[in-house]
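Student: Take a look at this one; I'll ask things after.
Computed from the coordinates by the stated procedures, all read-outs in this text should not be read as laboratory data. Keep in mind it's a predicted model, so treat the numbers as computed, not measured. With ideal geometry, Cβ positions are generated from the backbone for all residues, glycine too; neighbour counts draw on all protein chains shown.
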C-alpha cells in the first residue's frame, strides 16, 4: 500500500515538474503583453491620430479654405 502511494506521489511530481508546453505558454504571455500595449497605445493616442488624419484630409481637400502646413 505504501509502495503504491510512493509511486503515485513520484509520478504526480514528475507530471507537475514537466516543462512540456512551456514554450507555448511563454509565447502566449508575450503575445498577450504586446496586445495589451497596442490597445493602451491606441486608446491613449486616438485623439492625436484622429487630429492628424483630419489635418491630412483638410490638406487634400482642395475646396477647403484651411491652410495646410506642418504646424
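Student: Compute the FRET efficiency between residue 30 and residue 6 as 1/(1 + (r/R0)^6), taking r as their Cβ-Cβ distance and R0 = 35 Å, and round to the nearest 0.05.
Tutor: The value I calculate is 0.35.
Student: Also: Grab the Cα-Cα distance for residue 50 and residue 20, subtract it from 0.36 nm times how many residues apart they are, and report the gain in nm with one decimal. Let's see the in-between values first.
Tutor: Details: separation 30, 0.36 × 30 = 10.80 nm, distance 4.57 nm.
Gain on stretching residue 50 to residue 20: 6.2 nm.
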